[in-house]
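Nothing in this text is a laboratory measurement; each read-out follows from the coordinates by a stated rule. What you see is a predicted model; the values in this text were computed from it and never measured. Cβ atoms come from the backbone with ideal geometry, glycine included; neighbour counts cover every protein chain shown.
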Amino acid sequence: MAIRNIREIGEEVLTKRCKEVTEMTPRVRELIEDMLDTMYEANGVGLAAPQVGVLKRVVVIDVTGEDPHIFINPRIVETSGEQTGQEGCLSVPGKSGQVTRPNYVKVAALDVNMKPFELEGTELLARAICHELDHLEGRLYVDKVEGPLQDVRYDEEAEDEEQEEV
């Protein structure tokens, strides 16, 4: 489909709460396809609609590069455990920080056919779900960072580091 521009920290659209999707329309389908294309092009593991300037409750996540999850009107219904680790964001390029999130998350959402489903995730998937759902509420991970933000290098040296941008 198309690669959309990723909105960056400081843009007002990233601070607004998103509206629920009430029906699957051609425009929403196009948004989902564009979000997947944009996420993969940017080497991210997740993307929320406000990050491409659309205030709808739509999230795409793929922590493996081979198994995309599409969430419409998602909500977290259960969490447990705790994990602390480096987190980055496509809307906050070149930065990362330590964030504590649940280690287990169960999310309820609608799929592309507007059928309800639940998904359980741990570790990186749990982190990505929490991170992306925060975007739907107008929150960025930088508000949860423990300590200072750090600069991230995108060169061959950085390839050895475990840094995912969600």
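In debye to the nearest 20, how big a dipole does the stretch 69-143 give about its Cα centre with +1 on each Lys and Arg Cβ and -1 on each Asp and Glu Cβ?
Working: 7 positive and 11 negative charges, 24 e Å.
For the stretch 69-143, the charge dipole is close to 120 debye.
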### Summary
Cα pairs beyond 19 Å in the chain, in percent, come to 52
### Query
If the cut-off is 27 Å between C-alpha atoms, which lysines fall inside it for residue 106, apart from same-chain ones fewer than 8 positions away?
16, 19, 56, 115, 144
### Query
Which of 132, 12, 87 moves the most in a Gaussian network model of the chain with Cα springs under 10 Å?
12
### Query
Using a Gaussian network model of the chain with C-alpha springs under 10 Å, which one of 77, 145, 58 is most mobile by mean-square fluctuation?
77
## Note on the structure
For residue 16 and residue 82, extending 7 Å from Cα along the Cα-Cβ vector and measuring point to point gives, in nm, a value of 3.6
### Query
Quick one: what does P(r) look like for the stretch 1-41 with 5 Å bins over all Cα pairs, in whole %?
5, 21, 19, 23, 26, 5, 0
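Run the numbers on the chain and let me know its relative contact order in percent, using alpha-carbon pairs under 8 Å that are six or more apart.
Values: 354 pairs, mean separation 41.9, N = 166.
Reported as a whole number, the value is 25 percent.
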### Message
Rounding to the nearest 10 and keeping the result within 0 to 90°, find how far the Cα-based axis of helix 123-136 lies from the longest principal axis of the chain.
### Response
60
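Multiply the residue separation of residue 144 and residue 40 by 0.36 nm, subtract the distance between their alpha-carbon atoms, and state the gained length in nm to one decimal. Walk me through the intermediate numbers first.
Details: separation 104, 0.36 × 104 = 37.44 nm, distance 2.52 nm.
Length difference between fully extended and current span is 34.9 nm.
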### Task
For the chain, build the charge dipole from Cβ charges (+1 Lys, Arg; -1 Asp, Glu) around the Cα centre, then report which of 13, 124, 91 sits farthest towards its positive end.
13
### Task
Express in nm, to one decimal, how much length is gained between residue 9 and residue 98 on full extension, taking 0.36 nm for each residue of separation and deducting their alpha carbon distance.
30.3 nm
### Task
On a 0 to 90° scale, report how tilted helix 26-41 is relative to the longest principal axis of the chain, with both axes built from alpha carbons and the result rounded to the nearest 10.
20
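Show me the three semi-axes of the equivalent ellipsoid for the stretch 17-106, from the C-alpha gyration tensor (sqrt of 5 times each eigenvalue), largest first, rounded to whole Å. Before the final figure, lay out the partial values.
Details: eigenvalues 105, 58, 31 Å².
Gyration-tensor ellipsoid for the stretch 17-106: 23, 17, 12 Å.
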